[in-house]
1. Taking all protein chains in place and a 1.4 Å probe, what share, in percent, of the accessible surface of segment 448-493 do carbon and sulfur account for?
2. Cα axis of helix 300-320 to longest principal axis of the chain: angle in degrees, 0 to 90, nearest 10?
3. Need the full-extension length gain, R169 to T575, defined as separation in residues times 0.36 nm minus the C-alpha distance. One decimal, nm.
4. Pop a pseudo-label 7 angstrom from the Cα along the beta-carbon direction at both E203 and E421 and give the gap in nm to one decimal.
5. List, largest first, the extents of the alpha carbons of segment 397-525 along their principal axes, each in whole Å.
6. For segment 336-479, what is the percent of antiparallel DSSP beta bridges, rounded to the nearest 5?
7. For the chain, what's the relative contact order in percent, using C-alpha pairs closer than 8 Å and at least 6 residues apart?
8. I need the peptides 75-88, 173-186, 422-435 ranked by packing, meaning the mean over residues of other C-beta atoms within 10 angstrom, with the highest value on top.
Amino acid sequence: MSTRDMAAGPRVLLKRLRELMAEPLEPQARLDRIVREIAANMVAEVCSLYVLRADGVLELYATEGLNPGSVHLAQLKLGQGLVGTIAASARPLNLPDAQTHPAFAYLPETGEEIYNSFLGVPVLRAGRTLGVLVVQNRTKRHYRDDELEALETTAMVIAEMIATGDLARLTRPGLELDLRKPVSLAGHSFNDGVGLGHVVLHEPRVVVTNLFNEDSDEEISRLDEALGSLRLSIDDMLSRREVAFEGEHRAVLEAYRMFANDRGWVRRLEEAVRNGLTAEAAVEKVQSDMRARMLHMTDPYLRERMSDFDDLTNRLLRQLMGRGPDLLADTLPKDAIIVARSMGAAELLDYPRDRLRGLVLEDGAATSHVVIVARAMGIPVAGQVPGAVSMAENGDPAIVDGDDGKVHLRPQADLESAYAEKVRFRARRQELYRELRNKPAVTPDGVKVTLLINAGLAVDLPQLAESGAAGIGLFRTELQFMVASTFPRAEAQERLYRDVLDAARDKPVTFRTIDIGGDKVLPYFKNATVEENPALGWRAIRLTLDRPGLLRTQIRALLKAAGGRELRLMLPMVTELSEIAQAREIIDREVRHLSRFAHHLPTSLKLGAMLEVPALMWQLDELMAAVDFVSVGSNDLFQFIVATDRGNTQLADRFDPLSVPFLRVLKQIVDAGERTGTPVTLCGELAGKPISAMALIGIGYRAISMSAAAIGPVKAMVHELPYAALKEMLDDTLSKPARGRNVRRELQSFADAYGIPL
Ligand code: PEP
Ligand code: MG
């Protein structure tokens with residue numbers, strides 16, 4: 001056979017298969033024709049297809065050459081026989097004398113004993129085995145590499161057929177295909193909430209097949225036109241309701257607009273067209289050049305920029321190939337769960353909000369742009385979910401549990417109804433919380449608790465009113481810095497702070513000066529030294545005191561924004577009291593500077609410190625004397641007390657903050673506040689869980705700050721809490737030897753006994 005014929009063979013076969021796929025045939029008839037076609041094309045006496053069922057058995061679905069009566073009867077377990085070995089290893093087997101192979105298993109019903117040579121390939125889709133395709137001959141022959149390749153390509157077409165559900169009608173009840181098996185995948189919670197719906201595999205890649213242009217000028221004008229529509233579509237997104245106001249997702253889109261208008265990019269595109277490429281091929285070439293250059297960069301900021309850029313490039317490609325976002329709307333289910341490896345922020349905005357029920361990302365970080373946008377849109381998100389893309393098929397029923405970071409694909413009826421109930425229950429609870437919104441948080445025995453929210457993004461602001469919280473207990477100013485591409489200018493900082501104070505009206509807001517370093521990296525601001533333990537490193541107040549320009553700009557912006565109102569400022573990660581004194585000096589200098597220029601100053605300025613570093617525990621009274629208030633950052637304090645990285649998932653549930661030692665630490669702090677007349681609040685995650693919020697109130701905390709979504713559940717708990725009884729129980733627990741006590745269980749029993757909703 002000449003080289004040309006060898007290449008023609010698979011091409012002819014693929015063409016025949018494509019025709020067969022398009023013919024209106026019953027699935028079994030189609031499969032029978034397919035295996036016949038493959039056998040004929042490959043000059044094989046046998047061609048058989050085995051499909052993997054959910055119970056781990058490979059069932060013969062079609063054969064040419066073996067006993068036709070064995071179809072749907074012959075079966076092998078995963079790992080059993082040659083076919084099972086191929087499926088289990090996802091590797092082909094090419095054997096001139098199959099019967100001498102140690103794994104060979106004889107299936108008498110098939111009559112295959114007369115065949116000696118055997119070539120089998122796995123039917124793979126996105127790395128997953130769906131079945132095995134085999135050809136056999138009587139003669140002892142070794143199949144050539146091009147034959148192996150042809151069979152593998154054919155297997156891809158069959159994989160497509162299985163995935164689109166064509167074979168589902170051939171299954172018997174209880175023996176569904178593996179592909180239809182329910183699976184639950186575990187990832188991380190990126191945004192709370194539960195979504196039920198149907199999978200939409202997000203396909204960012206557009207395959208360019210037309211490479212060379214006939215007329216460069218015409219291609220340039222196509223390119224210009226597409227660029228024009230691209231810019232318009234970005235402007236359109238920027239004017240949409242959910243991004244129309246000032247905020248970090250707006251900043252992301254502004255960066256897109258900058259890219260789309262970048263002269264360098266456009267020039268490189270035009271150059272590639274002039275060199276003979278079509279506009280789409282030029283876009284792809286410039287993208288892969290860029291990728292190659294950035295391949296070795298590990299910097300998270302640049303990686304994020306690259307994904308913004310990929311997003312933009314794909315939009316341009318779709319524009320050029322006439323596959324605009326409008327098309328999406330036509331085919332999108334009403335309850336779409338988008339599943340993607342990773343995704344650009346603008347791509348998510350292409351999907352109409354009212355049809356989105358959830359987002360699943362294989363990669364991504366809680367702070368990636370697409371997640372920020374998803375949060376702004378209020379969509380549950382599970383991130384870092386390995387295997388999501390390969391396990392999901394378009395149209396599969398799916399559940400995203402954003403609270404737990406779990407994804408359930410093709411869930412069984414009972415799981416689905418349990419989640420549907422959870423969604424209804426949530427809705428009812430939300431209704432209840434809305435009713436509580438304007439009621440104060442007071443226990444039945446008259447103890448008043450101030451419930452505050454933690455915020456940091458402009459999108460969080462409406463939640464202050466919606467949750468009915470008493471104010472913002474922690475405004476994480478670093479978030480504005482983290483989502484920007486360069487240091488936010490003084491004006492942008494001032495504008496955000498002013499918006500925050502305006503939104504809060506007369507409710508108090510506590511701004512924390514930027515807390516970067518540790519796990520919060522600013523991509524454009526790098527620490528020159530590589531830190532072995534960044535959580536214990538150059539971060540928060542340590543960093544800002546070393547870079548006073550940064551702190552000065554921020555303080556000035558805060559002072560100006562709070563002109564005529566109260567300004568509450570707090571310092572993160574204080575270790576020594578001298579740090580407070582140094583920060584105070586900087587603040588005083590800024591106050592003097594602004595008053596010299598007759599600026600409107602805050603009516604009062606309260607300075608607080610966060611208690612996150614254990615060293616402060618042995619200078620509590622001095623600390624209280626040095627500040628106007630203290631806020632316990634229980635996330636960091638706990639990680640330092642138990643010497644356990646707060647981000648290490650392996651250790652996530654190993655130590656419990658609701659334990660005697662940690663509660664004793666927290667009690668000592670609040671007692672010191674009481675003793676010295678210094679207000680103490682707590683603003684870590686602990687405050688947002690009703691059971692731990694209950695413990696905090698029991699040991700003396702009267703102000704706690706949490707995510708806005710936690711206000712309702714915590715307030716509902718407060719309304720049922722008999723404070724005096726709880727105090728008595730906790731005083732007793734904490735004063736006795738700690739050995740063997742399970743405080744969490746004791747708290748749970750207490751709540752059960754008094755009917756407190758946790
Ligand atoms: C904390 O450490 O508890 C805290 C509130 O700060 P962050 O979570 O931002 O480090
Ligand atoms: Mg902290």
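The values are calculated or read from the model by the stated rules, or taken from the named source; none is laboratory data. Since we're looking at a predicted model, the values are computed, not measured. We place every Cβ from the backbone using ideal geometry, glycine too, and count neighbours over all the protein chains shown. These accessible areas exclude ligands, DNA and RNA; they are computed on the full protein's heavy atoms, side chains included. Shrake-Rupley method; radii C 1.70, N 1.55, O 1.52, S 1.80 Å.
1. Within segment 448-493, the accessible surface is 56 percent carbon and sulfur.
2. 50 degrees
3. 139.4 nm
4. Rounded to a tenth, the inter-label distance reads 3.9 nm.
5. That gives 54, 45, 23 Å along the principal axes, largest extent first.
6. In segment 336-479, DSSP labels about 35 percent of beta bridges as antiparallel.
7. On the way: 1363 pairs, mean separation 71.8, N = 758.
Normalised by residue count, the contact order of the chain is 9 percent.
8. Details: 75-88: 20.9, 173-186: 15.6, 422-435: 12.7.
Highest-to-lowest ranking by the protection proxy: 75-88, 173-186, 422-435.
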